[in-house]
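The values are calculated or read from the model by the stated rules, or taken from the named source; none is laboratory data. In this text the structure is predicted, and so the values were computed from the model without any measurement. No Cβ is skipped: glycine too gets one built from the backbone with ideal geometry, and neighbour counts run over all protein chains shown. Just so you know, the surface numbers come from the protein's heavy atoms only, side chains and all, with ligands and any DNA or RNA stripped out. Shrake-Rupley method; radii C 1.70, N 1.55, O 1.52, S 1.80 Å.
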Amino acid sequence: MSHMARMLLVQGIAAAKAGDRRDARRYLERLLIFDPDPSQKVEAWLWLSEISDDPEEKRRYLEYVIGAEPWEPRARRALAILNGELDPEDVVEPDRAQAQVPAQPQDVRSRRFVCPQCGGRMSFLSEREGLSCAYCGHRAGLAEALDSAAVEEQEFVVALATAKGHSRPVATRALSCSGCGASFLVAPSLLSLVCPYCGSSHVLETEQALIQPQAIVPMRLTQEEARAAMVAWLERHRLAGRASLPQPTGLYLPAWTFDVGGEVKWRGQPAQSRRGRMRLHWDGDDLSLRGGLAADGTPPKMGGIPVFFDDIVVPASHTLPAAVMDEVRHFDLSQLQPFDAAFLAGWPAEIYQVPAADASIAARQIAWARARKEARDSLKDDYWPGSLHLSSHSVSILSYKLILLPLWVARYRVGEEQYHLVANGQTGAVRGQEPPASGWLSRLRDRLLG
């Protein structure tokens, strides 16, 4: 970055912040004449869009930025406002976006599923069978939930700019059952429930400040199949003879999925002999060797590798221990259906407890670990590994969605201790906690059996 370019950029930004648009434009446009480096161009275009009153000119500068840096969050947010996708009044400071707990329980509306023939409780069975009455056996199709609508990804920059991206449910709610008239309190984390008095199935409306589920993987495993899979798991781990296993409970847990993309910027020395003093360098992500030149004096090279990761799953609940919660990452998400409350009829479901903004940090860490490995694998034959420096600056969260995933949950007892088991409601795979004494034996057996 030349001294002149740096001075013009600093003066232009200072003038823009001071509200002197004429001077800001003069400095920034002069900077662009000097053929600045890419990062200076992006900053100049962003500030020129900021000080412009002409929507078409503002859009042009923002499109220049997106063309140079497709994942630049400030430009994408400004374009969302310009396109009417984001209301400027909804933009919040993240530190002030946490929901306040109301002093009194909030009234909540619900959708009740009852049999049209006898008024009994309707429950969701499967995609193919639809809803079934627990009393007279009447069945109803699920066409309204299984239409051709696609599951749409949500723009993450828009969510991050508003309270929805940072909020989680905190208010206790008061529900009046339309079946029997009973009133009772509902915990903030519940999305659906069965009335404890008349057995009516209710799917609750979530607060306006919260993100609504966009998709769901329908439950396919029956209770009998789930229990059989859990018994088989106990037998494989030599626990069946001393474990007491109750009937599992089926439920839906929330999870976030994130699409992450961008470019891994790299710098490295071509794979040939080196000379000169080397030193260790830590940049916060990687430990690498710096310094020295190739034997023929060749300077380091640099470039970028495009990356994209679809549907990185991050659990949105703290209900289950981490050892079994990881099962939410093992669903076939190609089977996602657009969310419809009918899927939850007769099934308990949770609202997310982890805000989208917090979950996105974990998703980006997962994506960066994968991207770093891919970049190193692709460059290791051409560049000396110790010289490679990788940057995650241009890797960003692009979009997200909130989904519900079906699980069967049980706690088996060995002696006085209880341990969690979960069965994947789509695949039947079982994951569980093991008593400490048998854990190392089980791991050794699994390793020997492959």
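For the reader, a short list of remarks on this structure follows.
- When Glu43, Glu417, Glu89 are compared by accessible area at a 1.4 angstrom probe, the order from most to least is Glu89, Glu417, Glu43.
- Segments 261-268, 402-409 sorted - mean Cβ within 10 Å per residue, highest first: 402-409, 261-268
- Per residue solvent-accessible surface (Å²) - region 350-434, probe of 1.4 Å: 40
- When each of the peptides 330-337, 394-401, 426-433 is scored by how many other beta carbons lie within 10 Å of its residues on average, the order from highest to lowest is 394-401, 426-433, 330-337.
- Mean-position separation - Cα centroids, region 13-35 and region 390-411, in angstrom: 40
- Taking 17 Å as the straight-line reach from the Cα of Lys265, the lysines in range (excluding those fewer than 8 positions away in the same chain) are Lys301, Lys373, Lys380.
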